[in-house]
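A.B. asks: Here it is, the structure in full.
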Amino acid sequence: MADNEAEGGAATDGAESAPPKNKLKLIIIAVAVLAILGGGAATWFFFFRHGEDEHHAEAAPPKPPAFVDVPDMMVNLAGAPGERVQYLRLKIVLELKEEKQIEAIKPTMPRVTDIFQTYVRELRPSDLNGSAGIFRLKEELTKRVNAAVAPIQVSAVLFKEVVVQ
């Protein structure tokens, strides 16, 4: 029995020593897998992703916008009967995306001036109060000029001067 106990004790020691070897193998395999995955991710990040950034950096810088002056306008504003007549003087510039659009828009300038004049004559002095009134005027004029010069797209209507007197 003592031999059995000695063998059993030896068998028990052998069984206990086996799991640490298995755990050690499992840890080594896990570390190797993580190292391979980390190396692959690092390779992708440094080599492949960097190439995409270079392509974006080499893109041509955007072209500066072009500007076209609209003839100065002075109109009387709509008011109630018996009120003092007020006038609006505007100096407007149209912002275009490209320089070559300037020549295409110049023949339509009488139409643009007409559309601006007819719209602005319907405004009341209260419509132009504050920055919100000027912003609404700018948005409305942009919408109308884009309709007048249809294939050409005007980016913005810019005010050089707005005077209500």
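A.B. asks: Per residue of the stretch 95-110, what does 6.51 cos²θ - 1.76 cosθ + 1.60 with θ = phi - 60° give for ³J(HN,Hα)? Whole Hz please, x for Gly and Pro, Karplus curve as stated.
C.D. replies: Each residue of the stretch 95-110 in turn: 9, 10, 6, 10, 5, 5, 6, 4, 5, 6, 8, 4, x, 8, 4, x Hz.
A.B. asks: Where only protein heavy atoms count, and the probe is 1.4 Å, what is the accessible area per residue for the stretch 51-137 in Å²?
C.D. replies: Per-residue accessible area for the stretch 51-137 comes out at 67 Å².
A.B. asks: Towards the positive end of the charge dipole of the stretch 37-143, with charges on Cβ (+1 Lys, Arg; -1 Asp, Glu), say which of THR118, ILE92, PRO61 has the farthest Cα.
C.D. replies: THR118
A.B. asks: Same structure again: With each pseudo-label sitting 7 Å past Cα toward Cβ, what's the PHE159-ASP72 distance in nm, one decimal?
C.D. replies: 1.7 nm
A.B. asks: Using θ = phi - 60° and the Karplus curve 6.51 cos²θ - 1.76 cosθ + 1.60, what whole-Hz ³J(HN,Hα) does each residue of the stretch 131-137 get, with Gly and Pro shown as x?
C.D. replies: Rounded to whole hertz, the list is 6, 5, x, 5, 5, 4, 4.
A.B. asks: Roughly what would the spin-label model give for GLN86 and ASP127, points 7 Å off Cα along C-beta, in nm?
C.D. replies: Simple spin-label model gives 1.2 nm for this pair.
A.B. asks: Between ARG111 and ILE27, what length comes free when the chain is fully extended (0.36 nm per residue of separation minus the Cα-Cα distance, one decimal in nm)?
C.D. replies: 22.3 nm
A.B. asks: Would you check the accessible area of LYS100, probe 1.4 Å, heavy atoms only, in square angstrom rounded to 10?
C.D. replies: Spelled out: LYS100, probe radius 1.4 Å, area about 150 Å².
A.B. asks: Okay, moving on. Run the numbers on the stretch 80-165 and let me know its relative contact order in percent, using alpha-carbon pairs under 8 Å that are six or more apart. Walk me through the intermediate numbers first.
C.D. replies: On the way: 83 pairs, mean separation 49.4, N = 86.
For the stretch 80-165, the relative contact order is 57 percent.
The values are calculated or read from the model by the stated rules, or taken from the named source; none is laboratory data. Note that this is a predicted model, so its numbers are computed, not measured. Here Cβ is always computed from backbone atoms with ideal geometry, including for glycine, and neighbour counts include all displayed protein chains. Surface accessibility is based on the protein's heavy atoms, side chains included, excluding ligands, DNA and RNA. Shrake-Rupley method; radii C 1.70, N 1.55, O 1.52, S 1.80 Å.
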